[in-house]
Amino acid sequence: EQRLSIRRETIRTACQRVKPPLTAREKMIMYGDLVVDDEHRTIWCPVRKSGTTSWRIVMLILNGKFSSVSAALDHVMHHDFQYITRMRHKYSKRADVEYRVQNYTKFMSYREPLGRVVSDYRQIRMGNSAFRQKICKEVVAYNSKSSMNKGQNTGKAETNAWKNISFPHFVNYVTRFHGNRGKSLDLNGHWKPTNLVCHPCHIDYDYYIDLERPTVTDDSSFLLKVFAAPQWLKLPKENPSGTKTKYTYLSQLSATQFQRLLSLYDADYEIFNYQRPNQNG
């Protein structure tokens, strides 16, 4: 518990230095995607590619929908967030939302930003879903019309097939709103900066789970006790992309692409106390 308290204070201190101002739109939407469990007085901010599978399983078991990890996992793999309540789907009155944000136990998990982007790219390439095809078409369309690719060795992305989409193509698409915080709110949640998903400098979370730390299993187990979860409930092990894998992909970027990508997640690096990487490790 002391370790988690220190982490919370470290994030609070970082927020005092870099606290991003809230746009009017952010003030309206920042609570909407929070997951709420009224019975356990719990709020979770899900960040894609940052332990969402594990914590969806926890929420499903806590709310009584499933009685085993395997059954909950199978459901999550096929039905995403079904049976998990988002704040915007349950409460329309601002007072109801703010009461819960102020009084419930709030937590979130996160990981190293560029490792998250690499993980997204690799998973989408390997997947076979409507989401994958949608992103494929958008990446191709953006790279086909974008002037930023002139003179860059990104290769061609002319057909709607992932085999023709390189990691630089993907990064061009992910960073297309470079320098525009308002527009970045519209990024897909799989790679939207964590501070734009959970707003940790404006929502005072009680617990932060850092997936890159060797203590992640102990930290998560402590949180399960806080929520009075069944003793048999153990979280599936998270496997963030290894450092070598991450740099294999980052090394494919031009210096400009790398800096644009790093800039997109600049606040995340500062808030969550990660060292900014060099492009080649």
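The values are calculated or read from the model by the stated rules, or taken from the named source; none is laboratory data. This is a predicted model, so every value here is computed, not measured. FYI the Cβ positions are ideal-geometry reconstructions off the backbone, even for glycines, and counts take in every protein chain you see. Ligands, DNA and RNA are excluded from the accessible area calculation, which covers all protein heavy atoms including side chains. Shrake-Rupley method; radii C 1.70, N 1.55, O 1.52, S 1.80 Å.
Descriptive notes on the structure:
- The chain - percent of accessible surface contributed by carbon and sulfur, probe 1.4 Å: 46 percent
- Counting only aspartates and glutamates at least 8 places from Lys19 when in the same chain, those with an alpha carbon closer than 15 Å to its own are Glu9, Asp204, Asp266, Asp268, Glu270.
- Taken over the C-alpha atoms, segment 48-87 has Rg and Dmax values of 9.2, 26 angstrom.
- Taking the alpha carbon gyration tensor of segment 3-48, multiplying each eigenvalue by 5 and rooting it gives semi-axes of 22, 20, 8 Å, largest first.
- Among beta bridges identified by DSSP and lying wholly in the chain, the antiparallel ones come to about 35 percent.
- Cross-link partners of Lys93 among aspartates and glutamates (Cα-Cα below 16 Å; sequence separation of 8 or more within a chain): Asp33, Asp38
- Counting only alpha carbon atoms, the long axis of helix 130-145 and the longest principal axis of the chain meet at about 40°.
- Cross-link pairs exceeding 27 Å between alpha carbons, from the set Lys137/Lys246; Lys145/Lys244; Lys65/Lys246: Lys145/Lys244; Lys65/Lys246.
- Between 0 and 90°, nearest 10: helix 113-126 axis offset from the chain longest Cα axis: 80 degrees
- Taking 4.7 Å between beta carbons as the limit, the unpaired Cys residues of the chain are Cys136.
- Rounded to whole Hz, the Karplus (6.51, -1.76, 1.60) HN-Hα couplings of segment 249-259, x for glycine and proline: 7, 4, 5, 7, 7, 6, 4, 5, 4, 4, 5
- Extended-chain gain in nm, criterion 0.36 nm per residue less alpha-carbon gap, Ala141 and Thr215: 22.4 nm
- Environment charge of Leu185, counting only residues whose C-beta is closer than 14 Å and scoring Lys/Arg +1, Asp/Glu -1: +3
- Cβ-Cβ distance of Arg12 and Arg125, R₀ of 35 Å, FRET efficiency by 1/(1 + (r/R0)^6): the value works out to about 0.40.
- At 0.890 mPa s and 25 °C, Stokes diffusion of segment 214-281 via Kirkwood alpha-carbon radius, µm² per second: 165 µm²/s
- Length-normalised contact order for the chain - Cα pairs under 8 Å, 6+ apart - percent: 29 percent
- Cα-based helix-to-principal-axis angle, 69-79 vs the chain, degrees rounded to 10: 50 degrees
- Value of [θ]222 nm, deg cm²/dmol, for the chain, DSSP H segments ≥ 4, -39500 (n - 2.57) each, nearest 500: -14500 deg cm²/dmol
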